[in-house]
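Right, one structure below, let's go through it.
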Amino acid sequence: MFRRRHGRAELNGIRRHAKWSFAFWALAAICLVGLLFRLKGIDSPFVDFHGWRQGDTAAVARYFYEREFNLLRPQLPYYGAPPNYAELEFSLVPAITAGLYYIFGETPWVARTVIILFSLWSLVSVYRIGAHFWGLWPGLVAALTMAVQPFYVYFSRSFQPDVPMIALTLAALADFLVWSREGSLFHARRGCLWLTLAVLVKPPAAIVYLPLFIWWWSAHRSGQKGSLSVGITYLLVPAAALLIYLRSIHGIAEHPFVSSIATSFTARLLQEGIPEEWYGDVGRGLFFFVCTPFFALPVLLGLLRGLFSQERLWIAAWAAGLAGFFLLVGNHVLNNLQYYFLPAVPLAALLVGLSAERLTARETVLFRRATAASMVLLVLVGGSFLLSATFQRLLPERWLRDQPWTYDSWYELDKGILTVSRALEQITPDDALVVIAEGSPRGLFNSHRFGWFIPPEDCTADYLAGVRAEGARYLVWPEEKAPTQFNGLAGEWHTEGFWLFDLEKLL
């Protein structure tokens, strides 16, 4: 009487198609939400939180655009007259940005858009990783977490290479998992390319080698084709590319930033070991920046769930890689350069996704799964909100310094340095070398000038005599009180908020 319209295999195919169609549109919606969150301050000059770091990256893009487009010759505006070649990370992000400058001109929104696009790519990749292990909903929840996590949102429009490194790393991991599941050598090769670029863009991408090894070992034991060659390629190609790049640039760079930073981090760790404050400072950063702390309970639940599941090895390996990185960097750097906590965000997002996996696994209807996942997140995030509302009474006083939960203040602009920089651009000749008495190179970058920067307390007559011999023409003192260490000689006060000294007259 009744005939079956579709066979069982055909019905399964229809269900899979519906699932992937839903996944595509859901992921597109999450990316749209992430984009809207990242549009705040997209056209702001690079004088917001960590503006000095953004200015360094933007300076490399500017000089690619204006002077020499050579990825092996990045330049900075400080340490004297150009060219100021520096041993920096591989300048993929500045190069892409400089290419867009030829089309749209040099404006902040172009540079920030490049970072935003990388961050949206990271949402797709973290979804792929979560869906590989736990299915559709945990993957979508992980992507949604990274889309709205305020710490990640801010740095997803901050012009520096950290988020592009994360995006490339997650893409490499996602493609590697496709190879481990399907044996696709295309995905293995593409993943190796992404990982190589990630390590070049910023070497801390090597953190993921520990979970990557766990995944590779599992694929190797299961007899996946080409596992030995894939493992050797992933191990050697990124390391060789980094060494070749550093060697090619080290000989000409006047300032070996990458190698000197790595050397200083290692020397400090060997000499000082692990200070007592390290544990508290890392815990503070994980609580406020990685868990924000609105995701504290989902992350904790996901971690407990993961450590008692078959994925516990790679979760523990990833966490161990992060701990090793935090040890190398040191708590002093972590307290001042908060973006060093960014590599922990993807793992935290995956753990948030895992926290919803148990209660959605039994549901077979798509709508019921969506409802279950939403309720789980609502309860956990709500509980985290209640927890965060009482943290001032529960947490150590040391954790509360500088109010690390006030993310909105990060978007505020330092209008003072912007005003001084614009005035300098109008007052001083284009080719004049300038000394700015401040602790960062923001003034040099924003005034489009080359020269030096030095903290006011270190700016002595002997120092000025040395830079004058190298061609310095002006000293900029961006404080209302005139300096007294220069034999009482007064410069010219400008209402924009700085003293200007002509070094030819001063010395």
Checklist entry - Quick check, is Leu270 without any contact (Cβ under 8 Å) to a residue 24 or more places away in the chain, part of a helix (DSSP H, G or I) and surrounded by fewer than 16 Cβ atoms within 10 Å (Cβ to Cβ)? => result yes
Checklist outcome for this item: Here, helices (runs of 4 or more DSSP H) confined to region 162-260 with at least 1 residues that are at pLDDT below 95, in the same structural domain as Gly139 (by TED's automatic domain parsing) and within 26 Å of the chain's Cα centre (by Cα) are 227-250
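Step by step: first the residues of region 152-168, then only those that are within 16 Å of Pro204 (Cα to Cα) and in contact with a Ser or Thr (Cβ under 8 Å, 6 or more places away or on another chain), then the one that is surrounded by the most Cβ atoms within 10 Å (Cβ to Cβ). Which residue is that?
Quick first cut of region 152-168, residues within 16 Å of Pro204 (Cα to Cα) only: 160-168.
Checking which are in contact with a Ser or Thr (Cβ under 8 Å, 6 or more places away or on another chain) leaves us with 160-161, 163, 166-167.
Numbers: Gln160: 22, Pro161: 26, Val163: 27, Ile166: 30, Ala167: 27.
Among those residues, the one meeting the criterion is Ile166.
For every residue, the table says whether it meets (1) aromatic (Phe, Trp, Tyr); (2) exposed (fewer than 13 other Cβ atoms within 10 Å of the Cβ); (3) under 37 Å from the mean Cα position of the chain (by Cα).
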| site | (1), (2), (3) |
| --- | --- |
| Leu418 | no, no, yes |
| Arg422 | no, no, yes |
| Ser447 | no, no, yes |
| Pro478 | no, no, yes |
| Pro483 | no, no, no |
| Trp499 | yes, no, yes |
Item to check | Where Pro74 falls short, out of the listed (1) at pLDDT below 95; (2) over 14 Å from Pro161 (Cβ atoms) | outcome: (2)
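Just the residues that are of a type in the set (A, V, I, L, M, F, W, C) and without any contact (Cβ under 8 Å) to a residue 40 or more places away in the chain, please, taken from region 77-113.
Start the filter on region 77-113 by keeping residues that are of a type in the set (A, V, I, L, M, F, W, C), which leaves 81, 86, 88, 90, 92-93, 95-96, 98, 100, 103-104, 109-111.
Matches in region 77-113: Ala95, Ile96, Ala98, Leu100, Ile103, Phe104, Val110.
Going through region 62-80 one residue at a time, which ones are of a type in the set (A, V, I, L, M) and over 19 Å from Ser421 (Cβ atoms)?
Residues of region 62-80 that are of a type in the set (A, V, I, L, M), as a first pass: 71-72, 76.
Hits for region 62-80 are Leu71, Leu72.
The values are calculated or read from the model by the stated rules, or taken from the named source; none is laboratory data. These numbers come from a predicted model, not from an experiment. Note: ideal-geometry Cβ built from the backbone for every residue, glycine included; neighbour counts use all protein chains shown.
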